[in-house]
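The values are calculated or read from the model by the stated rules, or taken from the named source; none is laboratory data. Please read all numbers here as calculations on a predicted model, not as lab measurements. Note: ideal-geometry Cβ built from the backbone for every residue, glycine included; neighbour counts use all protein chains shown.
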Amino acid sequence: MALDTYKFGDELKKLGFDFYSGVPCSFLNNLINYAINECDYVMSANEGDAVATSAGAYLAGKKSVVLMQNSGLTNATSPITSLNYSFQLPVLGFVSLRGEPGLSDEPQHELMGTITEKMLELMNVKWEYLSADFNEVLEQLARADEAILNDESFFFVVKKGTFDKVDLKEQVINKVANQLQINKSQEDSLPLRLNVLETISKTKCENTVLLATTGKTGRELYEIDDAKNNLYMVGSMGSISSIGLGIALNSNKNTIAIDGDGALLMRMGNLATNAYYSPKNMLHILIDNNIHDSTGGQFTVSSNIDFVQVSSSVGYEQSIYVHNLKELEEVILSWMKNPSLTFVYIRVKKGTKENLGRPKVKPFEVKKRLMEFING
């Protein structure tokens, strides 16, 4: 007998879980339909983005849920292991068991059907098979909630037919379109990334969260100004704007996601998702040096991409090319006065300061003080 999906979802609501993000799966479609019908739901481009968006929502004080097919668990391994684990940012997950041994299924699910549980265990994620007995489910949800309250992620592995039917209500699609596109019109001044970060840090207002992508960007921001409203990403390459989306949608803080060309290329689907949900209080800044600076200066393919055009085409309200630090400061000040989802692109020269240090504050300590700042 299948679970009453509405009854199940309402129990999750009672525990405070009303923000969802995920990627569709036929085994989870009824729970997904419930979440879209009755809760806040972000349709992510891939499962890793969903985990990062949910982590951002948690930073903003929301208990969050991620939904995915078990094949998508492979997309989510980076943020699960280097974002959720390192920062102690818990999410409640539901992952389908496609390819379950003995179940007739598509060939691409055969291997994942035998290793899903092992993957969760290897990632130190607590998990259980979701029961179809509602009384037992209540006990399972209590255990899951306890894990979340202890800053530990918890996943339910969901077998075929677990949830009963939920019809998807008529969906109103959010139509987004670019309103301002400013392209390159002069030579770039090519400052150092360090100088760009100094400009961002000095220009921000007191109500601003600064999120720095992994690698030297976060390390440089730490040396410029180690502040309680900063997050220095470790690992989870490409996830910074998804974290920003989760924060911006669930708080009134000005949210500045500082990205790198290599990172953004890794998860360009973020752009379309950010644009669709269009939080006005989010500014997405791409610092492009055409290299993977933190790993020895290997080239990226960013020189072939017009990021302003790309962000404009997916629906960022404003997409702006800035040529120098003065223009960057002006754009930030303008955005703070008249907020709208804005993408800013600036090219920088290669290099950083000698003997660049690493943050001495632990990731979970960064998380704790940032949550106090956002939710205080």
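Looking at segment 343-376, which of the residues that are of a type in the set (Val, Ile, Thr) and under 17 Å from Val196 (Cα atoms) is farthest from the chain's Cα centre (by Cα)?
First, the residues of segment 343-376 that are of a type in the set (Val, Ile, Thr): 344, 346, 348, 352, 361, 366, 374.
Among the residues that remain, those that are also under 17 Å from Val196 (Cα atoms) are: 344, 346, 348, 352.
Values: Val344: 19, Ile346: 22, Val348: 25, Thr352: 27 Å.
Out of the qualifying residues, it is Thr352.
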* To do: Pairs only if they're at least six apart or on different chains, beta carbon under 6 angstrom, first in segment 199-222 and in the same structural domain as Asp261 (by TED's automatic domain parsing), second of a type in the set (Asp, Glu); list them, first residue then second.
  => Thr199/Glu329; Ser201/Asp225; Thr203/Glu329; Thr213/Asp259; Lys216/Asp293
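Only one of these is more than 12 Å from the chain's Cα centre (by Cα) and within 22 Å of Glu146 (Cα to Cα): Val23, Val65. Name it. Reasoning before the result, please.
Details: Val23 fails: within 22 Å of Glu146 (Cα to Cα).
Selected residue: Val65, the only one of Val23, Val65 that is more than 12 Å from the chain's Cα centre (by Cα) and within 22 Å of Glu146 (Cα to Cα).
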* Can we say Lys175 is among the basic types (Lys, Arg), out of contact with any Pro (no Cβ under 6 Å at 6 or more places or on another chain), touching a residue at least 40 places away in the same chain (Cβ under 8 Å) and in a loop (DSSP other than H, G, I, E, B)? -> no
* Scope segment 104-135; condition assigned to a helix (DSSP H, G or I) and of a type in the set (A, V, I, L, M); matching residues -> Met112, Ile115, Met119, Leu120, Leu122
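Check every one of the helices (runs of 4 or more DSSP H) wholly within segment 195-306 and list those with 3 or more residues that are of a type in the set (A, V, I, L, M, F, W, C) and within 21 Å of the chain's Cα centre (by Cα). Working first, answer last.
Values: elements: 216-224, 240-250, 261-266, 269-277.
Helices (runs of 4 or more DSSP H) meeting the threshold: 240-250, 261-266, 269-277.
Check whether at least one residue in segment 319-327 is of a type in the set (Val, Ile, Thr), outside any helix (DSSP H, G or I), under 24 Å from Glu220 (Cβ atoms) and touching a residue at least 12 places away in the same chain (Cβ under 8 Å), and report yes or no.
The initial filter retains those residues of segment 319-327 that are of a type in the set (Val, Ile, Thr), namely 320, 322.
Next, only the ones that are outside any helix (DSSP H, G or I) stay: 320, 322.
Pick out the ones that are also under 24 Å from Glu220 (Cβ atoms) and you get 320, 322.
Then drop every residue that is not touching a residue at least 12 places away in the same chain (Cβ under 8 Å), which leaves 320, 322.
Yes, that holds for at least one residue.
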